[in-house]
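The values are calculated or read from the model by the stated rules, or taken from the named source; none is laboratory data. All figures in this text were calculated on a predicted structure; none of them were measured in a lab. Glycine gets a Cβ as well: all are built from the backbone with ideal geometry, and neighbour counts include every protein chain shown.
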Amino acid sequence: MSPGMTLFSQVLINGLLIGFVFSLIAVGLTLIFGVVDIVNFAHGEFLMLAMYAAFWLYHLFSLDPTVSLPLCTLFLFFIGVVTYKLIISRILDAPMLAQIFSTFGLMVFLRNLAHFLWSSDYRMIKEPLIKGRIEVFGLFISIPQLVAAVGALITTGLVYWFVTRTETGRALQATAEDKEAAALMGINSDRMYTLAWGIGAASVGVAGALLSNFYFIFPEVGDIFVLTAYVVVALGGFGSIPGAFIAGIIIGLVQVLGGYFLSPALKMVIVYLIYLLVVVLRPQGLMGRW
Amino acid sequence: MVARIARWRVAWPVWAGAALLGILVLVFPLLTTRPFPIHVMILIFLYALLSQAWNLIGGYAGQVSLGHAMFFGIGAYTSTVLAIRWHINPWLGMIAGGIMAVLLSIIIGYPCFRLKGHYFAIATIAAGEIIYTLFVNWEWVGGARGLFVPMQPESLVNFQFHSTKVPYYYIILVLAAISFVVTYWLERNRPGYYMRAIKEDIDAARSLGIDATKYKMLAMMISAFFTAIGGTFYAQYVLYIDPDSVLPLALSIRVCLVAVLGGVGTLWGPLLGSAILIPLAEFTRVYLGGGGRALHLVVYGALVVIIAVFQPGGLMALVKRFKRPGFLGSSPV
């Protein structure tokens with residue numbers, strides 16, 4: 001391969017790898033949106049909490065993120081359930097403003113709590129089990145990124161399988177489609193909402209643990225991922241898991257290609273422009289239900 | 001007549017209190033010579049102005065914007081760039097900045113007003129982040145290094161004072177007062193009624209023949225104009241701007257939090273929210289510094305959640321429980 005071709009392939013691979021992680025984060029967001037019809041503005045902070053959980057388990061108990069991944073996932077599931085029980089369940093029928101500000105306030109609260117408790121320092125896991133890189137056809141692939149991508153892919157698949165193939169998952173879909181009709185069939189919508197929040201948060205639990213292997217950990221870390229995830233959710237179609245999956249990969253590629261052809265500084269501008277174009281021109285996204 | 005006297009009997013302590021507070025605000029700079037309290041008061045009025053501006057679109061018209069920093073930044077950058085490149089007076093720059101912000105609000109509002117609720121909020125985040133990134137990378141306006149406002153001899157005409165903060169105090173007091181008067185007028189006239197109708201139920205409002213897009217656009221334009229004026233004031237007050245001080249998402253968030261705490265869609269909510277949050281923020285910043293910097297925002301985030309869940313009307317809703325309806329010219333949310 002020519003050097004230019006190699007560089008281009010390298011860029012494509014990086015975009016693909018990070019795209020799977022975007023997909024997973026967006027799947028959590030889109031699940032909550034699809035079932036409960038509320039945008040979780042604190043989703044990025046959930047991711048941040050997962051990364052800090054992985055960091056502190058490593059720092060205090062020498063648990064490698066790969067080992068502590070199930071713990072982080074459980075912890076985030078718990079956070080999601082508590083958020084639903086304490087806050088969301090009370091504002092389901094509230095005006096739009098109250099719905100926006102409830103999760104928005106939670107975002108401000110969690111982010112600054114992290115600043116206050118753990119300072120604004122950038123932290124990282126110094127010696128993770130998963131590290132280094134491999135060379136394939138002259139291309140370098142970072143192993144932590146590869147593991148994160150594969151882990152994200154598997155988790156996205158699991159969530160999709162759960163929602164479409166299990167009885168509980170179908171009940172979840174039924175609630176998303178028509179809460180009242182589902183309730184008439186004996187489906188407890190409160191339980192379904194709790195579950196959606198639990199799984200939605202647990203997805204970023206997995207993503208956070210995987211990211212902590214190679215990404216800096218700081219209070220604002222959620223921003224960049226979750227702002228991207230909003231775009232992914234919109235592009236995929238609000239509430240659609242396959243849509244989020246495909247859109248995550250597209251956005252991952254768009255980011256790296258934008259950085260490659262234009263300038264790394266402007267790559268996010270393209271991503272935000274995609275959001276604006278999609279919601280204005282095709283609000284149902286690629287695979288939205290409405 | 002009897003009823004009027006009875007109402008006066010109930011209301012007069014409140015009126016007296018308000019008058020006393022008004023006089024205190026007017027003579028405040030005479031009571032202290034220390035710069036810090038005056039600085040805090042200036043910020044209170046600046047944020048009252050900004051969050052009142054936000055309140056017009058976010059509170060009255062119900063379109064939650066999380067990108068208002070872009071209008072603030074456009075105001076600050078327009079007047080500063082005009083002063084640097086063409087030596088244009090900052091007062092003229094302030095008007096030019098307001099006009100630029102109105103143009104930007106049309107470009108952004110026109111497509112985005114088709115979106116509802118959450119989608120609109122995220123769209124404004126996206127637009128704000130686009131503007132922020134462009135300014136960081138735009139060398140002609142200083143890029144990430146920012147711009148210094150050219151030094152001028154101190155005078156009201158030059159909009160610059162170096163020996164004292166007191167003139168800034170009165171300038172921002174007047175600017176904030178204008179925004180409150182405009183809001184007061186809107187609240188009691190047709191555009192205000194239409195905006196609230198749009199917020200309550202846009203389809204019902206449309207079926208009554210209200211041109212929803214037109215009135216949302218009107219709210220957005222006035223809002224953008226006042227926010228940009230706040231931006232120019234900030235530039236002249238601090239004499240240095242960069243994307244991180246006048247365009248960040250954090251600023252958009254702060255402006256809307258002030259209004260939410262005080263009470264969205266109420267006339268006095270923004271002032272109340274600002275009078276509580278800004279001193280809290282400044283004192284924790286000065287006395288706790290470093291790690292303590294975020295403490296007020298922790299309290300604040302928790303307050304916003306509690307308010308959203310239990311009292312969506314904000315603190316003004318609590319105030320209203322203790323008074324007769326209509327007194328402060330505010331309306332129920």
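Summary of values
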| quantity | calculated |
| --- | --- |
| Restricting the stretch A:83-96 to residues that are exposed (fewer than 15 other Cβ atoms within 10 Å of the Cβ) and more than 10 Å from chain B (Cβ to nearest Cβ), the residue that is farthest from the chain's Cα centre (by Cα) | A:ASP93 |
| In the stretch A:104-122, the residues that are modelled with pLDDT under 90 and buried (at least 18 other Cβ atoms within 10 Å of the Cβ) | A:PHE104, A:GLY105, A:VAL108, A:ASN112, A:HIS115, A:PHE116 |
| Residue within the stretch A:146-161 that is surrounded by 14 or more Cβ atoms within 10 Å (Cβ to Cβ), in contact with a Phe, Trp or Tyr (Cβ under 8 Å, 6 or more places away or on another chain), under 30 Å from B:GLN311 (Cβ atoms) and among the polar types (S, T, N, Q) present | no |
| Checking A:ILE13 against (1) touching a residue at least 12 places away in the same chain (Cβ under 8 Å); (2) out of contact with any strand residue (DSSP E or B) (no Cβ under 9 Å at 6 or more places or on another chain); (3) within 24 Å of A:ILE154 (Cα to Cα), the condition it does not meet | (2) |
| The stretch A:244-266 - residue that is within 9 Å of another protein chain (Cβ to nearest Cβ) and in a helix (DSSP H, G or I) and, of those, surrounded by the most Cβ atoms within 10 Å (Cβ to Cβ) | A:LEU266 |
| Exclusive hit being under 22 Å from the mean Cα position of the chain (by Cα), under 24 Å from A:ARG90 (Cα atoms) and not charged (D, E, K, R), set A:ALA183, A:ALA171, A:ALA209, A:ALA202 | A:ALA202 |
| Unique match (being over 20 Å from A:ILE246 (Cα atoms) and at pLDDT below 95) among A:ILE25, A:ILE91 | A:ILE91 |
| Positions within the stretch B:70-118 being surrounded by fewer than 24 Cβ atoms within 10 Å (Cβ to Cβ), more than 14 Å from every other protein chain (Cβ to nearest Cβ) and either at positive phi or aromatic (Phe, Trp, Tyr) (or both), in sequence order | B:TRP86, B:HIS87, B:TRP91 |
| Any hit, the stretch A:29-49, residues being within 16 Å of the chain's Cα centre (by Cα), over 15 Å from A:THR155 (Cβ atoms), surrounded by fewer than 17 Cβ atoms within 10 Å (Cβ to Cβ) and of a type outside the set (Lys, Arg) | no |
| Residue count for the stretch B:130-145, restricted to those that are under 24 Å from A:PRO283 (Cβ atoms), touching a Gly at 6+ places or on another chain (Cβ under 8 Å) and at the interface with chain A (Cβ under 7 Å from one of its Cβ atoms) | 0 |
| Any hit, the stretch A:192-211, residues being of a type in the set (Phe, Trp, Tyr), assigned to a loop (DSSP other than H, G, I, E, B) and in contact with a Phe, Trp or Tyr (Cβ under 7 Å, 6 or more places away or on another chain) | no |
| Odd one out for A:VAL269 among (1) more than 12 Å from chain B (Cβ to nearest Cβ); (2) part of a helix (DSSP H, G or I) | (1) |
| Number of the exception - A:LEU235 against (1) more than 19 Å from A:GLN255 (Cα to Cα); (2) free of Cβ contacts under 8 Å to residues at least 60 places away in the same chain | (1) |
| All helices (runs of 4 or more DSSP H) inside the stretch B:139-218 with 3 or more residues being in contact with a Pro (Cβ under 8 Å, 6 or more places away or on another chain) and within 16 Å of B:PHE45 (Cβ to Cβ) | B:166-187 |
